[in-house]
Amino acid sequence: MTAGCASPGGLLFGAMHHQPMEIGHFGCYSTVMLKRRSRRSPLLNWWMLWRVPVLLLIVMAGWWFLFRPLADGRGWIEISRDFSICGESSDVPSQGCVIDGDTLAIGFGANARRIRLTGFDAPELDGACNAEREAAVRSRQALHDWLANGRFEWNGSDQPPYDQYGRELREVRRIDGDGSTRYLAEDMIAQGLAAESGWNAEPKDWCE
């Protein structure tokens, strides 16, 4: 038998036991159902509020762990050019030259290409002090030596991004014989001949 509230009114069949009950009981029944729904509402409200951020995090995690490694492996080109130092004579026919510690040039005249190597910042040849200018010369030589050490790869395929100066932006790496990967940026930074670059990188004062 269904318990209810004493109230005058007509009859209404109970939803659960198909027993007649007064219309007044329906108000009590509705109150009970609202209480049951209210017990579920915090979880429902939480999901309605957070479902978009949660779904966004799931998509981002899927990109980072599944699709990013696949995308990272695409667009790399093997380079076997000979690079001299720009402005210096060389007995080896050059297909390009090293401008400074993070910039290359390929070709001459109107068709010349300039490539800004990414992931690091080298000191400037026309730097603010002798210490920076001397470091820039060492950085340029280190880049030349790294490139001359064998074939390497850079990314961007035949459609690289460009910076505001019209330079191609490319990351450089080399796959060693044991299958390990060496990134130019990491080697230059480790030698103290370049500074880290990126949003969170601290600018380096070469004159200190």
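Data table
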quantity: Protection proxy ranking, peptides 182-192, 125-135, average beta carbon neighbours within 10 Å, highest first; calculated: 182-192, 125-135
quantity: Global geometry of the range 78-208, whether rounded, prolate or oblate, following the gyration tensor of its Cα atoms and the 1.5 cut on a/c; calculated: rounded
quantity: Global form of the range 74-148, assessed from the alpha-carbon gyration tensor, a/c cut-off 1.5; calculated: prolate
quantity: Rounded to 5, the percent of DSSP beta bridges in the range 86-177 classed as antiparallel; calculated: 75 percent
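Quick note: the coordinates plus some simple rules give every number you see, no bench work behind them. Just so we're clear, the structure is a prediction, and the values are computed from it rather than from any experiment. In this analysis, Cβ positions are derived from the backbone assuming ideal geometry, glycine residues included, and neighbour counts consider all displayed protein chains.
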